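Novice: Structure provided below as C-alpha cells; questions to follow.
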Amino acid sequence: MIAFRSDVVTVFESALYRTTSTLVHTSGLLLLADPTWLPSEVAAIRAEVDRLGRGRPFYLLFTHSDYDHILGYGAFPEARTIASEAFVRNPEAENTLEQIRKFDDDYYLRRDCPLSYPSIAEAIGQDGQVLQAGDAKLTFFLAPGHNPDGLFTLIEPAGILLAGDYLSNVEFPFVYHSFRAYEQTLDKAEALIRSGRVRLLVPGHGDPAARPSEMLRRLADSRAYLREARATVQEGKPFPEEALWQRYAFRRNQASYHRANLELLRLEIENERP
Ligand SMILES: [Zn+2]
C-alpha cells in the first residue's frame, strides 16, 4: 500500500514488517530504494515505475544488503544500481540469497523474476560522496552498525533522507554488526538532521518523519536504547524491558532481537578489552 505520497516521493509500505520501498520521482529522475516483499507488492511498485518512468534516468538504490531489502532486485533490470562498497564486497551474499529462497519456500511464493545478488554500478566508499543523478544531487554517508554495509542517502533539493534500518518508530536498534559503529552512525544522522537539509526521513520500517522534532525524538530513543544496553552489559543494571515493550508493539517477534543485541554487545566489549 502507499503510506506516503507527495509531488516528488511515494513511499510504499509492505504488509510485512512495515517495510518501506521508496520511489523518488522528480521531473528529471526516478530513484527507487529497496523494492520489496510479496510478489504482488513488487509488481505494484514495478507498475508505478512503468507509469511514471518515461524518459527519466532510473536508479535503483539499496540501503543495505539484508535480504528483505534486496529481494525485488530482479524486477528492475534496466535500473542503474547504487549501494555501498561494503555491499559489493559482502561475504554473505550467497547466504542472503538463500534467506530469500527459504522465505519464498516457507510461504509457497512464486516469483517470475530471476533471483541474484545485486550487481552495483555506483559503489559508494566515502562519507560525503556526491552523485549527480538526473536533476537531483545525492549525498552519501556510510552507515554501518545495523549491518556492515548500510548507506544513508540524502536526496536534494527534495531533502529526502533514506535511512535504511535506522531511526524507525517501530523498531529499536537491531544491531547485527557493531554497537560502536551504530553509535557513530547515529552521530552522522544527527549532524544531517540538525543541518536542516532533511525534510523527510524515510526509515526502512515504519513511518516516514517530516518534523525535525520527530526525527530528533527517534534519535534520542535509539541512543537511550544503546545506553541502557551498555548499562545492562557493563554494569549489570536490569534492562527496563517493560518500558521498551510499551514503546515497541511487536514484542513476541522483537524480544529475540533484543536478546541478540545484548549478546553481541557482551562479545564486543570482551573483544575491545586490551
Ligand atoms: Zn530491514
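The values are calculated or read from the model by the stated rules, or taken from the named source; none is laboratory data. Note that the structure is a prediction, hence the values are computed from the model and not measured. Backbone-built Cβ (ideal geometry, glycine too); neighbour counts: all protein chains shown.
Novice: Restricting segment 105-151 to residues that are in a loop (DSSP other than H, G, I, E, B) and hydroxyl-bearing (Ser, Thr, Tyr), which is surrounded by the most Cβ atoms within 10 Å (Cβ to Cβ)?
Specialist: The selected residue is Tyr117.
Novice: Same structure, new question: Quick one: count up the residues across segment 33-58 that are at pLDDT below 95 and within 16 Å of the ligand (Cβ to nearest atom).
Specialist: 0
Novice: Need the failing condition index for Val88 against (1) touching a residue at least 24 places away in the same chain (Cβ under 8 Å); (2) farther than 27 Å from His177 by Cα, just the number.
Specialist: (2)
Novice: Within segment 153-187, can you find the residues that are charged (D, E, K, R) and either under 27 Å from Leu16 (Cα atoms) or crowded, with 17+ Cβ neighbours inside 10 Å (or both)?
Specialist: Within segment 153-187, Asp165, Glu171, Glu183 meet the criteria.
Novice: May I ask you to list the residues in segment 220-274 that are touching a Ser or Thr at 6+ places or on another chain (Cβ under 9 Å) and closer than 16 Å to Tyr176 by Cβ?
Specialist: Within segment 220-274, Ser222, Leu262, Leu264, Leu265, Glu268 qualify.
Novice: Quick check: is even one residue across segment 193-208 in a helix (DSSP H, G or I), exposed (fewer than 14 other Cβ atoms within 10 Å of the Cβ) and either of a type in the set (A, V, I, L, M) or under 22 Å from the mean Cα position of the chain (by Cα) (or both)?
Specialist: Yes; the residues of segment 193-208 include at least one that is in a helix (DSSP H, G or I), exposed (fewer than 14 other Cβ atoms within 10 Å of the Cβ) and either of a type in the set (A, V, I, L, M) or under 22 Å from the mean Cα position of the chain (by Cα) (or both).
Novice: So which residues in segment 68-80 are crowded, with 18+ Cβ neighbours inside 10 Å and either within 16 Å of the ligand (Cβ to nearest atom) or part of a strand (DSSP E or B) (or both)?
Specialist: Asp68, His69, Ile70, Leu71, Gly72, Tyr73
Novice: Taking the stated definitions as given, is Ser222 loosely packed, with under 14 Cβ neighbours inside 10 Å, assigned to a helix (DSSP H, G or I) and polar (S, T, N, Q)?
Specialist: no
Novice: Identify all residues within segment 154-168 that are farther than 12 Å from Phe141 by Cβ, more than 14 Å from the ligand (Cβ to nearest atom) and not acidic (Asp, Glu); write none if there are none.
Specialist: Listed by number, the residues that qualify are Ile155, Pro157, Ala158, Gly159, Ile160.
Novice: While we're on this one: Is there any pair linking a residue in segment 147-168 that is under 16 Å from Phe179 (Cα atoms) to one that is in a strand (DSSP E or B) and away from the ligand (no atom under 13 Å from the Cβ), with Cβ under 8 Å and at least six apart or on different chains, and which?
Specialist: Asp149/Ala83; Asp149/Ser84; Gly150/Ser84; Gly150/Leu142; Tyr166/Phe152; Leu167/Leu201; Leu167/Ala209
Novice: Right, another one. Is it fair to say Leu61 is out of contact with any Lys or Arg (no Cβ under 8 Å at 6 or more places or on another chain), more than 21 Å from Glu78 (Cβ to Cβ) and either aliphatic (A, V, I, L, M) or within 15 Å of the ligand (Cβ to nearest atom) (or both)?
Specialist: No; evaluated as a whole, the condition is false for this residue.
Novice: Among the listed residues Tyr176, Tyr225, identify the single one that is within 16 Å of the ligand (Cβ to nearest atom) and not acidic (Asp, Glu).
Specialist: Being within 16 Å of the ligand (Cβ to nearest atom) and not acidic (Asp, Glu) holds for just one of Tyr176, Tyr225, which is Tyr176.
Novice: Further question on the same structure: Condition first: in a loop (DSSP other than H, G, I, E, B), out of contact with any Gly (no Cβ under 8 Å at 6 or more places or on another chain) and within 16 Å of the ligand (Cβ to nearest atom). Now tell me which residues in segment 5-32 satisfy that.
Specialist: Ser14, Ala15, Leu16, Tyr17
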